[in-house]
């Protein structure tokens, strides 16, 4: 492996850095985008069940807020209703929508960075390819009776640099693009689920308003 890095030359170091960052982002997103941390299946039903007739206690609302992202949205509705039992439907809906936007921002965290790596890695590989081609052409320059004959060692180094950087750039970009699309679809699914849950919860909160 080290011999490959040596043959690829210095242009491969930015690609190695991108691969490490991409791997860290993929692991972080896998750990963060678990359904139990975003939209637990029975949470909405439980929140409605404990508030059939009145707003639950502050302790229950706090536990709900710390449960998941969906719990944070639901808790914001309870908190707004506790502060002002006569709150208008528009203000209550605005509270839930504001909490939803914050949740969406958390869900989309680091996805832009992963997409940037997927786009930049092939360009970094292309940069290494161009530098390798420069090395190849440099091997054919010179003066004297051997001018144009080329330096075999420099020629081989240029070819290795060009091919290794092209291949490594694609090896970084392709998985990054695949996981970015996977996480993007997963986030979209969570956003739809939270939007539907918030709409149902909004109807429930309307029955609690005085």
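Only residues that are buried (at least 21 other Cβ atoms within 10 Å of the Cβ) and without any contact (Cβ under 8 Å) to a residue 40 or more places away in the chain were counted across the range 54-77, and they come to 5.
Selection within the range 111-133: residues that are surrounded by fewer than 16 Cβ atoms within 10 Å (Cβ to Cβ) and within 12 Å of the chain's Cα centre (by Cα). The member of this set that is farthest from residue 187 (Cα to Cα) is 116.
There is at least one residue in the range 17-24 that is in contact with a helix residue (DSSP H, G or I) (Cβ under 7 Å, 6 or more places away or on another chain) and at pLDDT 95 or above.
Looking only at the range 4-25, decide whether some residue is farther than 30 Å from residue 208 by Cβ, more than 30 Å from the chain's Cα centre (by Cα) and free of Cβ contacts under 8 Å to residues at least 40 places away in the same chain. Looking through the range 4-25, at least one residue is farther than 30 Å from residue 208 by Cβ, more than 30 Å from the chain's Cα centre (by Cα) and free of Cβ contacts under 8 Å to residues at least 40 places away in the same chain.
There is no residue in the range 170-179 that is in contact (Cβ under 8 Å) with a residue 60 or more places away in the chain, over 23 Å from the mean Cα position of the chain (by Cα), under 30 Å from residue 17 (Cβ atoms) and part of a helix (DSSP H, G or I). Taking the conditions (1) at pLDDT below 95; (2) surrounded by fewer than 18 Cβ atoms within 10 Å (Cβ to Cβ) in turn, residue 192 satisfies each one other than (1).
The values are calculated or read from the model by the stated rules, or taken from the named source; none is laboratory data. None of these values were measured; they are calculated from a predicted model. Every residue, glycine among them, receives a Cβ derived from its backbone with ideal geometry; neighbour counts consider all protein chains shown.
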